[in-house]
Amino acid sequence: MYRALTRDIEVSVEPYYLAEQSDPEDNRYVWGYRVVITNHSSYSVRLVSRYWNITDQNGQVDEVNGPGVVGDQPRLTPGETYEYSSGCPLDTPSGMMFGHYHMVTDQGESFDVAIPAFSLDTPNLRRVLN
């Protein structure tokens, strides 16, 4: 599990390889990831947009921006948790992702919350260290 804390908003991510949706012979590798967002602050926030940086093992970068997450713009009151799952395909057997959520408080203050960097690695991936 990967974790980041920004202004008492905690983001935890757990990636997992989806072998049944992957086809290594066709250079298709698919991961799912579960995100848990917990509001440890004393104020309510709404997640209004997301930004993802997805980098494969060759350094190819794909940036994703958009409203909310999985079609939702959740509002989290103090102590509340929001959870969702999504997925990511790559053309290589490993990569990494990181990003941020743009939040707005009920008072209209906006700020970004870090999504921790996490690795996407196929099981039994052999690494060569120089």
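The values are calculated or read from the model by the stated rules, or taken from the named source; none is laboratory data. Note that this is a predicted model, so its numbers are computed, not measured. Cβ placement follows ideal geometry from the backbone for every residue including glycine, while neighbour counts extend to all protein chains displayed. Heavy atoms of the whole protein, side chains included, go into the accessibility calculation; ligands, DNA and RNA do not. Shrake-Rupley method; radii C 1.70, N 1.55, O 1.52, S 1.80 Å.
Restricting the first member to segment 29-44 and to residues that are more than 18 Å from GLY99 (Cβ to Cβ), and the second to residues that are in a loop (DSSP other than H, G, I, E, B) and polar (S, T, N, Q), the beta-carbon pairs closer than 9 Å and six or more apart or on different chains are TYR29/SER22; TYR29/THR92; TYR29/THR122; VAL30/SER22; ASN39/THR77; TYR43/THR77; TYR43/GLN107; SER44/THR77.
Counting the residues of segment 67-79 that are open to solvent by 70 Å² or more (accessible area, probe 1.4 Å) and either of a type in the set (D, E, K, R) or within 15 Å of ASN39 (Cβ to Cβ) (or both) gives 2. As for segment 1-15, it holds at least one residue that is under 16 Å from ASP121 (Cα atoms) and either open to solvent by less than 70 Å² (accessible area, probe 1.4 Å) or in contact with a Leu (Cβ under 7 Å, 6 or more places away or on another chain) (or both).
Residues considered: SER44, SER119, SER110. Of these, the only one that is surrounded by fewer than 17 Cβ atoms within 10 Å (Cβ to Cβ) and within 16 Å of SER12 (Cβ to Cβ) is SER119. Count of segment 74-88 residues, restricted to those that are within 20 Å of ASN53 (Cα to Cα) and in contact with a Ser or Thr (Cβ under 8 Å, 6 or more places away or on another chain), is 0.
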